[in-house]
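The values are calculated or read from the model by the stated rules, or taken from the named source; none is laboratory data. Owing to the predicted nature of the structure, the values given are computational and were not obtained by experimental measurement. Glycine also receives a Cβ, built like all others from the backbone with ideal geometry; neighbour counts cover every protein chain displayed.
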Amino acid sequence: MGKYFGTDGFRGEANVTLTVEHAYKVGRYLGWYFGQGSKRPKVVIGKDTRRSSYMFENALIAGLTASGANAYMLHVTTTPSVAHVVRTEEFDCGIMISASHNPYYDNGIKIINSKGHKMEAEVEDKIEAYIDGEMEEIPFATKRDIGNARDYAIGRNRYIGYLISLATRSFKGVKVGLDCSNGSASNIAESVFDALGAETYVLNNEPDGTNINTNCGSTHIEILQGYVKENHLDVGFAYDGDADRCIAVDENGAVIDGDLILYACGKYMKAHGDLNNNTVVTTVMSNLGLYKAFDEAGIQYEKTDVGDKYVNENMVKNGHGLGGEQSGHIIFNKFATTGDGILTSLKTMEAMLEQKKTLGQLVEPVTIYPQILENVRVNDKKTAQNDKDVQAAVAKVEKTLGSDGRILVRESGTEPLIRVMVEAKTHEICREHVDAVVKVLREKGHVLD
């Protein structure tokens, strides 16, 4: 990860750690970078509903057009819609203005390459060098070479049409709840489900610039749980701020997280011969119960570092068709290049309707193991991770748990934290083993009090 760009773009508090000057310079560099040669670059921009997204959109457009690029505005839309439009309509790159599931006062700039994937790290490194004044100043476009900004809502509308086209049957008679998180899904999700004939119940789809992700959406799934039970719905789907992730709620109000969605869709795809390489890509944080259920179903799996970026890289490299995270980033490689919450909803609906089963019935074979994750703030995470006594404590837990659980101790990618996670048959066993490892970290003087 670079100085500004992490695994999910350039993110920070608006006008504190991510400012309009940063956005302007990102636009300036991208407009110049893709304009080298004789062509005029085309860049498509989407944004979520945060108040600052409009400010950053204008700053990016100013930078792009000042460098000679044309900017095409999708307006409020989802991250996966930007990736789709970039890939299918021959743009040089796409920009999504969003901080995903973060609170409204944060924002972010995600850059997507012409193939619909996250921009290559080497390009992000060059943008960082330009922001920090480590390269020569970029020339301004003049006269006819100055770019222009164009309304491109039609691109978002075509994406909506694409989603509708993927459904294999009507949703008529199905009562579906949609929690749009007062974010990007507010402009899209209801239109898709209504067009497919569902009896759609929508909540948290009245964004005001400051209520995105506030007590709603995939990070506050209890809101949708209560709504599904109260209204006797068949299923519910909750999205995050930019709608690239989805968490579901079954007919009984139980939470169906990314792991369970991977199981339901993976098993359905395998039965229909659509599961490439008979493999599902997960991260190391997926639940042990998912792997045991995959073993029982004869489905293979691969594990990556945490982050949908790493899941996608594995899928592209090895030709796998399904992958994702417990948090709800699910990638269907045949249909999209990124996690797509609304697409995930549609594929989950397909698995339900084609098999004539409820979502609860589809995931019934999976026994999710209790899990405790403790974040321990330390002086130096590498030193703590590599401490022989800490490693010995971890090895002791591994031996004790055997095949009935697991422990994962890893460094945070962005904070001075060691994350200690244990899965076991009971919450009490998890607590016991997490405490044992944290105790050694503390005794060796690694923990910051």
Here is a check on your reading of the model: is Leu178 part of a strand (DSSP E or B), of a type in the set (A, V, I, L, M, F, W, C) and at pLDDT 95 or above? yes
Quick check on His329: is it out of contact with any Lys or Arg (no Cβ under 6 Å at 6 or more places or on another chain), modelled with pLDDT of 95 or more, crowded, with 17+ Cβ neighbours inside 10 Å and outside the structural domain of Glu432 (by TED's automatic domain parsing)? no
Please work out if Asp308 is modelled with pLDDT under 95 and in the same structural domain as Val174 (by TED's automatic domain parsing). yes
For region 295-315, how many residues meet the condition of being farther than 18 Å from Asn278 by Cβ and part of a helix (DSSP H, G or I)? 5
Cross-chain or 6+ apart pairs with Cβ under 6 Å, region 120-132 first and within 8 Å of Phe5 (Cβ to Cβ), then among the basic types (Lys, Arg): Glu128/Lys3
State which residue is farthest from Ile247 (Cα to Cα) when the search covers only region 330-356 and only residues that are in contact (Cβ under 8 Å) with a residue 60 or more places away in the chain and of a type in the set (Val, Ile, Thr). Thr337
Is there a residue in region 266-278 that is over 21 Å from Glu354 (Cβ atoms) and either surrounded by fewer than 23 Cβ atoms within 10 Å (Cβ to Cβ) or in the same structural domain as His84 (by TED's automatic domain parsing) (or both)? yes
Which count do you get for residues in region 142-175 that are among the aromatic types (Phe, Trp, Tyr) and not in a loop (DSSP other than H, G, I, E, B)? 2
Restricting to region 75-116, name every residue that is among the aliphatic types (A, V, I, L, M) and farther than 20 Å from Tyr24 by Cβ. Val76, Ala83, Val85, Val86
Could you list all residues from region 396-449 that are surrounded by fewer than 18 Cβ atoms within 10 Å (Cβ to Cβ) and assigned to a loop (DSSP other than H, G, I, E, B)? Ser412, Gly413, Thr414, Glu415, Pro416, Lys425, Thr426, Lys444, Gly445, Leu448, Asp449
Return the residues of region 192-250 that are touching a strand residue (DSSP E or B) at 6+ places or on another chain (Cβ under 8 Å), small (Gly, Ala, Ser) and part of a loop (DSSP other than H, G, I, E, B); say none if nothing qualifies. Ala198
Look at region 20-64 and say how many of its residues are hydroxyl-bearing (Ser, Thr, Tyr) and farther than 20 Å from Met119 by Cβ. 4
Subset of region 87-102 [farther than 19 Å from Thr7 by Cβ and either in a loop (DSSP other than H, G, I, E, B) or among the hydrophobic types (A, V, I, L, M, F, W, C) (or both)]: Glu89, Glu90, Phe91, Asp92
Being within 22 Å of Val86 (Cβ to Cβ) and among the acidic types (Asp, Glu): is that true of Glu313 here? yes
If we keep only residues of region 235-265 that are buried (at least 20 other Cβ atoms within 10 Å of the Cβ) and of a type in the set (Asp, Glu), then the residue farthest from Leu203 (Cα to Cα) is Asp259
Within region 47-62, tally of residues that are surrounded by fewer than 24 Cβ atoms within 10 Å (Cβ to Cβ) and closer than 17 Å to Phe34 by Cβ: 1
Residue check, Met285 within 22 Å of the chain's Cα centre (by Cα) and in a loop (DSSP other than H, G, I, E, B): yes
